[in-house]
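All remarks here apply to the structure that follows.
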């Protein structure tokens, strides 16, 4: 679907998901991560990426491009890249939290060892920027690609700061909840940084690469941040409700619902998110 002057394009969600699935599969195949491939790093990446989660961030990126009248085919490499980066954060989260299950199977660092788990995740972080560069070959202006690199670099910094804040709050929930505001401000700020930053970046980058104005990109970025905060709050409530163990997401513990990951993980680690 190409950009037109008729206004924003409304892409069917099923079509967007299929496009992202195909893009990830193509990325894995180019990396040589076949079933019998001796490259343990590539095999660990395939393990971490399968089965796929809800693909909310890449689908949101594609939808944001459509909202400003852009072509989702042109920004698809970036959408694949943002999912690679998201899954990389999940691998790191599992290592930090000491979790052994992800998406209903053994976590990558337990299956392939700590070193290969960390290296597989690090490689996927770098692949995000490689994927952004590929957008130049699909017709996205170089200036837009550079703006997107800046936005995603900032998101990565915010995510790391958010995880650091989460670690600092761990084990001190009594002190946090005793604060004048019940610790709500500290929790929301941590969530904004750790979880909502990548949702914000997905909307922001989709608009930038889709040819939107800076004003349009800013509005969509704010929407993505609000969505990310709300989604994380829902995720964090799941361990306290009876249906929490039956969540339907990828179990990220960062806004994708807890399915496939022990719902007691955050409680065990005394973490707010």
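Data table
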quantity: Tabulated pairs, the range 136-153, first on the phi > 0 side of the Ramachandran plot and in contact (Cβ under 8 Å) with a residue 40 or more places away in the chain, second in a loop (DSSP other than H, G, I, E, B) and surrounded by fewer than 13 Cβ atoms within 10 Å (Cβ to Cβ), C-beta under 8 angstrom, 6+ apart or interchain; calculated: none
quantity: Long-range neighbours under 6 Å by Cβ, at least six apart or interchain, first residue closer than 23 Å to residue 132 by Cβ within the range 181-203, second outside any helix (DSSP H, G or I); calculated: 195/254; 195/255
quantity: Residue in the range 68-82 that is surrounded by 16 or more Cβ atoms within 10 Å (Cβ to Cβ) and farther than 23 Å from residue 129 by Cα present; calculated: yes
quantity: Complete set of residues in the range 121-143 that are in a helix (DSSP H, G or I) and over 18 Å from the mean Cα position of the chain (by Cα); calculated: 133, 134, 135, 136, 137, 138, 142, 143
quantity: Test result for residue 215, modelled with pLDDT of 95 or more, assigned to a helix (DSSP H, G or I) and over 15 Å from residue 58 (Cα atoms); calculated: yes
quantity: Filtered residues of the range 90-120 (kept if surrounded by fewer than 18 Cβ atoms within 10 Å (Cβ to Cβ) and either in contact with a strand residue (DSSP E or B) (Cβ under 9 Å, 6 or more places away or on another chain) or not in a helix (DSSP H, G or I) (or both)); calculated: 98, 100, 101, 104, 105, 106, 110, 111, 113
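Residues checked against (1) surrounded by fewer than 23 Cβ atoms within 10 Å (Cβ to Cβ); (2) more than 19 Å from residue 63 (Cβ to Cβ):
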| site | (1), (2) |
| --- | --- |
| 186 | yes, yes |
| 191 | no, yes |
| 200 | no, no |
| 204 | no, no |
| 207 | no, no |
| 220 | no, no |
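The values are calculated or read from the model by the stated rules, or taken from the named source; none is laboratory data. Remember, predicted model here, so these are calculated numbers, not experimental data. Heads up, the Cβs are rebuilt from the backbone with ideal geometry, glycines too, and the neighbour counts pull from every protein chain shown.
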